[in-house]
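Undergrad: Below is a structure I'd like to ask you about.
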Amino acid sequence: MAAAIRVPQTGAMATYRLDHTMPLQTYFKQSGLFDSRLEADFASEFEQKMGDKRGHWRLRRESEVLLLGDTVMIPDFALVDDEDERRKILIELVGFWHPEYLRRKVEKVRAAHCEHLLLLVYRGLKLADDAFQDTASEVIFFSQKPVLKEVMEMVEEMAERIYGPRRKSGRRAKCEP
């Protein structure tokens with residue numbers, strides 16, 4: 001990455017370069033791979049039941065950024081068809097109960113207006129079933145943990161509706177330039 005900068009002390013222009021070889025150090029505490037036990041458990045169950053080429057969906061962690069004006073939303077996961085990477089369903093787990101967090105989450109989901117976003121919402125949050133009614137996203141409520149069979153049925157249904165029928169196995173999808 002390179003950027004043209006103005007040196008504050010002199011006003012002169014300079015080029016600032018940054019790449020993987022720079023000896024940068026962060027002062028932030030490193031967090032784990034997952035934000036919650038719920039996310040870790042979902043990913044683990046998906047890999048156990050659907051990984052290793054047992055299904056055609058591949059689970060990616062926080063790989064998509066939805067631009068929402070002056071903020072962003074980064075869904076927890078993206079399920080990507082291994083034969084056509086344009087076929088993608090985003091998954092957001094909503095299991096944190098703090099009222100302000102929930103308010104912001106609902107606002108972001110509405111602002112995203114994303115038809116390929118699947119929300120998995122913990123019933124213990126006591127959100128009304130219609131809390132996400134005016135969003136483009138699909139919603140599955142769960143009590144203990146998301147039921148993977150139900151999630152995958154909805155993923156297939158959404159993909160069929162949004163992207164059309166899936167190509168037969170063995171033929172690689174052509175990617176757009």
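Undergrad: Place a +1 charge on the Cβ of each Lys and Arg in the stretch 34-163 and a -1 charge on the Cβ of each Asp and Glu, then give the dipole magnitude about the Cα centre in debye, rounded to the nearest 20. Each step should come with its number before you reach the end.
TA: On the way: 20 positive and 28 negative charges, 69 e Å.
With only Lys, Arg, Asp and Glu charged at Cβ, the dipole is about 340 debye.
Undergrad: Moving on to the next point. Rounded, prolate or oblate: which fits the stretch 1-148 when a ≥ b ≥ c are the square roots of the eigenvalues of the alpha-carbon gyration tensor, with rounded for a/c under 1.5 and prolate only if a/b beats b/c? Provide the component values of the computation, followed by the final result.
TA: Numbers: a/c = 2.10, a/b = 1.62, b/c = 1.29.
Prolate is the answer for the stretch 1-148, as a/c is 1.5 or above and a/b outweighs b/c.
Undergrad: How far is helix 99-112 tilted, in degrees, relative to the longest principal axis of the Cα atoms in the chain, given as a value from 0 to 90 rounded to the nearest 10?
TA: Rounded to the nearest ten degrees, it is 90.
Undergrad: Next question, about the same structure. Counting only DSSP beta bridges with both residues in the chain, what percent are antiparallel, rounded to the nearest 5?
TA: Numbers: 18 of 28 bridges.
Looking only at bridges with both residues in the chain, the antiparallel portion is about 65 percent.
Undergrad: Assigning unit charges at the beta carbon (Lys, Arg +1; Asp, Glu -1) and nothing else, what dipole magnitude in debye, to the nearest 20, does the stretch 115-171 show about its Cα centre? Walk me through the intermediate numbers first.
TA: On the way: 9 positive and 10 negative charges, 86 e Å.
Here the size comes out at about 420 debye.
Undergrad: Still on this model: Hey, what angle do you get for helix 148-163 against the long axis of the chain, alpha-carbon based, 0 to 90 degrees rounded to 10?
TA: On a 0 to 90 degree scale, this one is about 70.
Undergrad: Can you count the Lys pairs in the chain whose Cα atoms are under 24 Å apart, with each pair 8 or more apart or on different chains?
TA: 22
Undergrad: Run lengths n ≥ 4 of DSSP H only: what is the helix-derived mean residue ellipticity at 222 nm for the chain, with -39500 (n - 2.57) per run over all residues, to the nearest 500? Before the final figure, lay out each step's value.
TA: Numbers: 3 runs with 44 residues, N = 177.
The helix-only estimate for the chain comes to -8000 deg cm²/dmol at 222 nm.
Undergrad: Which one, 38, 25, 154, projects farthest toward the positive side of the charge dipole computed for the chain from Cβ point charges (K/R +1, D/E -1)?
TA: Working it through, the farthest residue towards the positive pole turns out to be 25.
Undergrad: For residue 68, what residues show an amide H to amide H distance below 5 Å, using hydrogens built from the backbone and excluding near sequence neighbours?
TA: Sorted by chain and number, the residues that satisfy this are 73.
Undergrad: If you don't mind, there's one more thing I want to ask. Rounded to the nearest 20 Debye, what is the dipole magnitude of the stretch 32-93 about its Cα centre when Lys and Arg each give +1 and Asp and Glu each give -1 at the C-beta?
TA: Working: 10 positive and 16 negative charges, 41 e Å.
Computed charge dipole of the stretch 32-93: roughly 200 debye.
Where a number appears in this text, it was derived from the coordinates with a stated rule and is not lab data. This is a predicted model, so every value here is computed, not measured. As a convention, Cβ positions derive from the backbone with ideal geometry for all residues, glycine included, and neighbour counts pool all protein chains shown.
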